Amino acid sequence: MRLARSLAAVAFLLVLVSALTAPLAARTDPAAADTPVLPPDVAAPAAAADEEVVPATAAAAGPVAVPVPSETAMRYYRSGNWLWILATLWGFAVPALLLFTGVSARLRDLARRLGRRWFLTVALYGVLFALVGFLLDLPLSWYSDYVRPHAYGLSDQAAAKWWGDAFKGLAIGALFNALFLWVPYLLLKKSPRRWWIYTGLLAVPFVILMMVVTPIWIDPLFNEFGPMKDRALEAEILSLADRAGIEGGRVYEVAKSVDTNTVNAYVTGFLDTKRIVLWDTLLAKLEPSQVLFVMGHEMGHYVLGHVPVMLAVITVLIFFGLWVVHRSAAALIARFRHRFGFEELGDVASLPLIGLLFGLVFFVLSPGFLALSRHHERQSDRFGLEITRDNVACATSFVRLQEENLGNPRPGWLYKLWRSSHPPLGERIDFCNAYRPWETGAPLAYGEKIRPPV
Ligand SMILES: [Zn+2]
């Protein structure tokens, strides 16, 4: 979902919320492991020969080799890195541009003329801001989300669907700004010294609320969600969930094939809306035993409490980000107020400044956040293996992921540090091959959380 910058400060919370959902492969970064179909040369003999042949049932045959990525996959990886650099710089350039050209102040003036009253001015500014951000981002979004995946055979999405989703994203962003932007600005007005503490305190229940409602109100606006069509496989999944001690767990199949040929699955929601979502592309391209391993992995996120841990981390991040804004904004405004066109942080024209500072904080801290995410993913891979004990299904499901999503199994260290929410596929396949404590009677890491099969 491309809600991101259109919402600035509120958006930051949403970005964190979306970071909380834990897909099997990286999801939001266009260049990561999240793209689909087989362009002709991926299917060509060179790379395809050894991996594709290994059906999960062929077990016992020894370790599954990490496929050599195709030339196309490597091109996709390299161009994706350049695109990421460009998108990151753009993400800082847009709010900086809005500030230093005084456009933000002019948007505020316009909002004030139309809205008159304080509350309406803030709401209208939020809407205008979402609209301007959307327009400025449009060329890059169109290229990275539509043109590029099509060029690599990773998507057959209709242009109308892309535009429909883009406008829905804009509408949601504008609505959120109109509904919630007044909260931090009212707090800034009432308590210029402690606003950041109060905003942080309110942000936590807000993030939880977003996590609860996103899967039921937001996600279905973009794709069709339903129960699994393969009832036999669903029954197997539910018995696996039962062994993992997950009660009333819900499994959804989402019609993602209209958007992408890549494969993925993720855990989302909170409290009563917690669920595991499988893309229909994954169900179409993976063997049942591989789907079961993937489900075991997703159940690991559930059982090992990764969502609450991420929520705690995000709470700290929000407070820290707000504190940085509080500490640094006044000096920046004092230095540049003639260019910015506002005198204090409590002026709604400061929104791009808040967004910029939050963006910088998040960028600097993201290696730590990503390292934690990779740690969770490794734990979940281990959990998936311990519950299925199917090393071949584990390894071959990641092989499929690499092929279908044009992944690079051994990315560079900088990529890993700053971009990888998941361990490199090569490491995951190696782990799938190697981890088998049940064969020697060694204790399992999560033995007490998993009931043995009956
Ligand atoms: Zn995962």
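Laboratory data are not the source of any read-out in this text; all were calculated from the coordinates shown. Here the structure is a predicted model, which means the values were calculated and not measured. For neighbour counting, all protein chains shown are included, and Cβ atoms are generated from backbone atoms with ideal geometry for every residue, glycine included.
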Query raised in the report: What size of dipole, in debye to the nearest 20, comes out for the chain about its Cα centre when the only charges are +1 on Lys and Arg C-beta atoms and -1 on Asp and Glu C-beta atoms?
Result: 2420
Report summary line: Quick calc: nm separation of the 7 Å Cα→Cβ label points for residue 272 and residue 372 -> 2.8
Query raised in the report: Quick one: what Rg and Dmax do you get for the stretch 135-294 from the alpha carbons, in Å?
Result: 19.7, 59
Report task. Calculate, in whole percent, how much of the Cα-Cα pair population of the chain lies beyond 30 Å. Result -> 46
Query raised in the report: What order do you get for 396, 199, 101, 72 when you list them from fewest to most C-beta neighbours inside 10 Å?
Result: 101, 72, 199, 396
**Report entry** Long-range amide H partners of residue 250 with built H, under 5 Å
**Finding:** 276
Report summary line: Exposure-ranked with fewest Cβ neighbours within 10 Å first, 113, 193, 108 stand as 193, 113, 108
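If we count every other residue with Cβ under 11 angstrom of residue 278's Cβ, Lys/Arg +1 and Asp/Glu -1, where does the sum land?
-2
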Query raised in the report: Relative contact order (percent) for the stretch 5-449, with alpha-carbon contacts under 8 angstrom and 6 or more residues of separation?
Result: 27
Query raised in the report: Tell me, in nm to one decimal, what length is gained between residue 202 and residue 171 on full extension, where the rule is 0.36 nm per residue of separation less the Cα-Cα distance?
Result: 8.8 nm
Query raised in the report: Which peptide among 365-374, 261-270 comes first, and what is the full order, when sorted by highest mean count of other Cβ atoms within 10 Å?
Result: 261-270, 365-374
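For 323, 162, which order do you get if you count the other beta carbons within 10 Å of each Cβ and list the fewest first?
The most exposed by this proxy come first: 323, 162.
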Query - Loop-resident sites, the stretch 261-354, for GluC sites (Glu not before Pro), counting at most 16 other Cβ within 10 Å (DSSP) - result: 343, 344
Query raised in the report: How many lysine pairs in the chain, separated by 8 or more positions in sequence or lying on different chains, have Cα atoms less than 28 Å apart?
Result: 16
Query raised in the report: What is the dipole size for the stretch 307-454, taken about its Cα centre, with +1 at each Lys and Arg Cβ and -1 at each Asp and Glu Cβ, in debye to the nearest 20?
Result: 260
**Report entry** Where labels lie 7 Å past Cα in the beta-carbon direction, separation of residue 191 and residue 231 in nm
**Finding:** 5.6
Report task. Could you check the simple spin-label distance between residue 158 and residue 334, using points 7 Å along Cα→Cβ, in nm with one decimal? Result -> 5.8
